[in-house]
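Colleague: Here it is, the structure, as structure tokens.
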Amino acid sequence: MTDLHRLSIRELSEGLKTAQFSSRELTEHYLKRIAHIDPKVKSYVTVTAEQALAEADAADAALKSGNAHALAGIPLAHKDIFCTQGIKTTAGSKMLDNFISPYDATVVVKAKAAGLVTLGKVNMDEFAMGSTSENSYVGATSNPWALDHVPGGSSGGSAAAVAADLAPIATGTDTGGSIRQPASFCGLTGLKPTYGRVSRFGMIAYASSLDQGGPMARSAEDCAYLMNVIAGHDAKDSTSINKEVDDYVANLNGTAVKGLRIGIPKQYFNVAGLDADVKARVEESLKKLEEMGATLVEVDLNMTEAYVPTYYLIAPAEASSNLSRFDGVRYGYRCENPVDLMDLYKRSRSEGFGAEVQRRILIGTYALSAGYYDAYYVKAQKVRRLIQQDFLKAFENVDVIAAPSAPTTAYKIGANLSPTEMYLGDIYTLAVNLAGLPAINAPVGFDKDSLPVGLQLIGNYWSESQLLSIVHQYQQNTDWHTKRAAIAEENA
């Protein structure tokens, strides 16, 4: 079959269970597509063909026994931030270019237990720091919709792999929008769960109080299938919440759009730099939801101007602390012929880390230093609480809050935006992580250059089922999520 990559997760599951095709056939199909198409997209860092075929054979055996998980035999790609036993895990950095993890991240363990087949590890901004996937040590990934444009970041490899039909689903991580923004840039559905919903054990840390793993796929339904696997409490992760997990697939029609109150923050639609096409497509999607029975309610989010400065104090401070372990002594990159211990530290870190990572370490170290800790870091944490309270006040009157996922569509590779311009591009996503809320991106159309536009819906705590349900019903009434880039139409 030449069109297996066009099937949804539900269709793939049904096809495998009824023996229309085997997991080996499906896996070989994707491996051929990767070999043919990925040299243009450059989404994969490591392709694990031998392991994938072995896992596919094991899934086929489980399927024949009639004792298999719903996702058994379905391939996926893991962002290269999740530790994978026996497979190189680089986090997009020269610092970890020789690191082969001795254990699996909990997300990987759960995926394996469900019988999912790992096709490989996909590219990302170094240590998840960036919005373009250009900050990777192995080079930039291309957006399948326009190969001279970025796929977004930091989960750009995950987004590009799914958008080019080089994997049906992928794992991503979101520290300040790193699932939602690349999903927007690549025309996908991407869910950032409530902080603590998905285990961070084995996920290389950037900013520990902000990082959260989640699914990336074409549709809300496909995301729901992967969420059913990866969500849940993990005793190995002290920030994981011991709370019952919904059946996200069963609940896809559980939220009625009719009567739904959607908050429209007036501050979000008057932001300088909001592209006219993005604004128009988002407003059109909201009108469609209105036609389906939702009510639009204006809300005030008065802390909007504080999002970027608050995030870019807290995240770099936590990064400075987390990345201090990479020193050339214990593991990872080590400079050649150091003259003494100080030279070892300095050269290993300056040679092992890229420019953006060094920039954020410097900012974070400064914010945590004696004399500045109270003035910067502690103040930012206080403002963070005000941002959270701002959202909670809004949720007293609405069920979800709508916004663009990004103020623009994908920019060109090598656009050379300044760090400040790049950081301002995260205006719509950062606050969700600061508050620990769940949010989802849904594709809602294209700009004048045929680049995808995304709508972001932000929910109250633990409302992943609600967000997936709303987007699922929207996708039953629209076809934006079914659109494919020209490169995805190619056959291997």
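Colleague: Could you sort 29-35, 385-391, 437-443, 426-432 so that the peptide with the highest average Cβ count within 10 Å comes first and the rest follow in order?
Modeller: Packing order, densest peptide first, comes out as 437-443, 426-432, 29-35, 385-391.
Colleague: If region 295-388 were replaced by its equivalent ellipsoid, with semi-axes equal to the square roots of 5 times the Cα gyration tensor eigenvalues, what would those be, largest first, whole Å?
Modeller: Numbers: eigenvalues 265, 43, 16 Å².
Largest first, region 295-388 gives 36, 15, 9 Å.
Colleague: Same structure, new question: Straight-line reach from residue 236: which lysines have a Cα under 27 Å away, not including same-chain ones fewer than 8 places off?
Modeller: 79, 88, 110, 112, 121, 192
Colleague: Right, something else. Pop out the carbon and sulfur fraction of the accessible area of the chain as a percent, whole number, probe 1.4 Å.
Modeller: 51 percent
Colleague: A follow-up question, please. Dipole of region 1-144, Cα-centred, from +1 at each Lys and Arg C-beta and -1 at each Asp and Glu C-beta, to the nearest 20 debye?
Modeller: Approximately 100 debye in magnitude.
Colleague: Ratio of region 384-492's C-alpha Rg to 2.2 N^0.38 Å, to two decimals?
Modeller: Taking N as the residue count of region 384-492, the ratio is 1.25.
Colleague: Related question: Choose one of 71, 230, 44: the residue whose Cα lies farthest towards the positive end of the charge dipole of the chain (beta-carbon charges +1 Lys, Arg; -1 Asp, Glu; about the Cα centre).
Modeller: 230
Colleague: Once the Cα gyration tensor of region 39-138 is found, what semi-axes does its equivalent ellipsoid get, as square roots of 5 times the eigenvalues, in whole Å, sorted largest first?
Modeller: Taking √(5λ) for each eigenvalue gives 28, 13, 11 Å, largest first.
Colleague: Given the whole protein assembly as supplied and a 1.4 Å probe, what does the accessible area of residue 3 come to in Å², nearest 10?
Modeller: 70 Å²
Colleague: Further question: Sort out for me the Cα centre separation of region 222-266 from region 59-84, rounded to whole Å.
Modeller: Here the two parts' Cα centres lie 21 Å apart.
Colleague: Now for a separate question. Show that you can apply the helix-only estimate: for the chain, add -39,500 (n - 2.57) for every DSSP H stretch of four or more residues, divide by all residues, and state [θ] at 222 nm to the nearest 500. Walk me through the numbers on the way to the answer.
Modeller: On the way: 15 runs with 177 residues, N = 492.
Rounded to the nearest 500, the figure is -11000 deg cm²/dmol.
Colleague: Quick one: the Cα spread of region 226-279 along its three principal axes, in angstroms, biggest first?
Modeller: 45, 31, 18
Colleague: In 20 Å bins starting at zero, report the fraction of Cα pairs in the chain per bin as a rounded %.
Modeller: Going out from 0 Å in 20 Å bins, the chain shows 26, 59, 15, 0 percent.
Colleague: Can you spot the lysines whose alpha carbon is less than 19 Å from residue 258's alpha carbon? Ignore those fewer than 8 places along the same chain.
Modeller: Hits, sequence-local ones excluded: 287, 288.
Colleague: How far, in nm, would the chain grow between residue 236 and residue 330 when pulled straight, counting 0.36 nm per residue and subtracting the alpha carbon separation?
Modeller: 31.6 nm is the gain from fully extending residue 236 to residue 330.
Colleague: While we're here: Among residues other than residue 176 whose Cβ falls under 12 Å from its Cβ, what is the net charge (Lys/Arg +1, Asp/Glu -1)?
Modeller: With Lys, Arg at +1 and Asp, Glu at -1, the neighbours total -2.
Colleague: In addition: Give me the extension gain from residue 256 to residue 291: residue separation times 0.36 nm, minus the current Cα-Cα distance, reported in nm with one decimal. Before the final figure, lay out the partial values.
Modeller: Working: separation 35, 0.36 × 35 = 12.60 nm, distance 1.29 nm.
Value of the extension gain: 11.3 nm.
Colleague: Quick one: accessible surface of residue 218, probe radius 1.4 Å, all protein chains present, in square angstrom to the nearest 10.
Modeller: Rounded to the nearest 10, the figure is 30 Å².
Colleague: Let me ask you something else. Give me the percent relative contact order of the chain, please, defined on Cα pairs under 8 angstrom at least 6 residues apart.
Modeller: In percent, rounded to a whole number, it is 18.
Colleague: Could you tell me how far the Cα centroid of region 107-137 sits from the Cα centroid of region 366-392, in Å?
Modeller: Centre-to-centre distance over Cα atoms comes out at 30 Å.
Colleague: Shape call for region 335-405 from the C-alpha gyration tensor, a ≥ b ≥ c root eigenvalues: rounded (a/c under 1.5), prolate (a/b greater than b/c) or oblate?
Modeller: Oblate shape, in that a/c is at least 1.5 and b/c is the bigger or equal ratio.
Colleague: Order the following by accessible area, largest value first: 449, 277. Probe radius 1.4 Å; ligands, DNA and RNA are ignored.
Modeller: Order by accessible area, largest first: 449, 277.
Colleague: Follow-up question, since we're still on this one. Multiplying the sequence separation of residue 359 and residue 342 by 0.36 nm and subtracting their Cα-Cα distance, what value in nm do you get?
Modeller: Using 0.36 nm per residue and subtracting the Cα-Cα distance, I get 4.1 nm.
Colleague: Can I ask one more? Lys and Arg at +1, Asp and Glu at -1: add these up for the other residues within a Cβ distance under 14 Å of residue 67 and post the number.
Modeller: Cβ neighbours under 14 Å give a net charge of +1.
Colleague: Could you calculate, for region 132-249, the ratio of the Cα radius of gyration to the Kirkwood radius, expressed as Rg to Rh? Don't skip to the answer; put the middle values down first.
Modeller: Working: Rg = 14.1 Å, Rh = 14.3 Å.
Taking Rg over the Kirkwood Rh, I get 0.98.
Colleague: Right, next: In nm, give the distance between the simple-model label positions of residue 3 and residue 275, each being 7 Å from the Cα along the Cα-to-Cβ direction.
Modeller: Spacing of the two 7 Å Cα→Cβ label points: 3.1 nm.
Colleague: Which sequence of 424, 417, 16 reflects their accessible areas, 1.4 Å probe, from the largest down?
Modeller: I get 424, 417, 16, largest accessible area first.
Colleague: For the chain, what is the accessible area per residue in Å² when the probe is 1.4 Å?
Modeller: Accessible area per residue: 37 Å².
Colleague: Okay, moving on. Region 225-379: percent of C-alpha pairs farther apart than 24 Å?
Modeller: Pairs farther apart than 24 Å: 66 percent.
Colleague: In region 1-154, if the dipole is taken from +1 on Lys/Arg beta carbons and -1 on Asp/Glu beta carbons about the Cα centre, which of 147, 81, 124 is farthest to the positive end?
Modeller: Towards the positive end, the residue furthest out is 81.
Colleague: Taking 7 Å along the Cα-to-C-beta vector as the label spot, tell me the residue 88-residue 67 distance in nanometres, rounded to one decimal.
Modeller: Rounded to a tenth, the inter-label distance reads 3.8 nm.
Colleague: Let me ask you something else. How big is D, in µm² s⁻¹, for region 396-456 by Stokes-Einstein at 37 °C and 0.692 mPa s if Rh is the Kirkwood radius over C-alpha pairs?
Modeller: Value of D from the Cα-based Kirkwood radius: 248 µm²/s.
Colleague: Another question about this same structure. Roughly how many debye, to the nearest 20, is the charge dipole of the chain about its Cα centre, given +1 on each Lys and Arg Cβ, -1 on each Asp and Glu Cβ, and no other charges?
Modeller: 560 debye
Colleague: Any idea which of 468, 478, 434 is furthest toward the positive side of the dipole for region 385-481, if Lys and Arg beta-carbons carry +1 and Asp and Glu beta-carbons -1?
Modeller: Projecting each Cα onto the dipole axis, the largest value belongs to 434.
Colleague: Shifting gears a bit: Count charges around residue 263 for me, please; just the other residues with Cβ under 13 Å from its Cβ, Lys/Arg as +1, Asp/Glu as -1.
Modeller: Residues close to residue 263 contribute a combined charge of -2.
Colleague: With a ≥ b ≥ c taken as the square roots of the eigenvalues of the C-alpha gyration tensor of region 304-451, please select rounded if a/c is under 1.5 and otherwise prolate if a/b is larger than b/c or oblate if it is not?
Modeller: Details: a/c = 2.77, a/b = 1.54, b/c = 1.80.
Oblate, since a/c reaches 1.5 and b/c is not below a/b.
The values are calculated or read from the model by the stated rules, or taken from the named source; none is laboratory data. All values derive from a computational prediction rather than experimental measurement. Every residue, glycine as well, gets a Cβ built from its backbone with ideal geometry; the counts of neighbours run over all protein chains shown. Side chains are part of the model used for accessible areas, which takes the heavy atoms of the whole protein and leaves out ligands, DNA and RNA. Shrake-Rupley method; radii C 1.70, N 1.55, O 1.52, S 1.80 Å.
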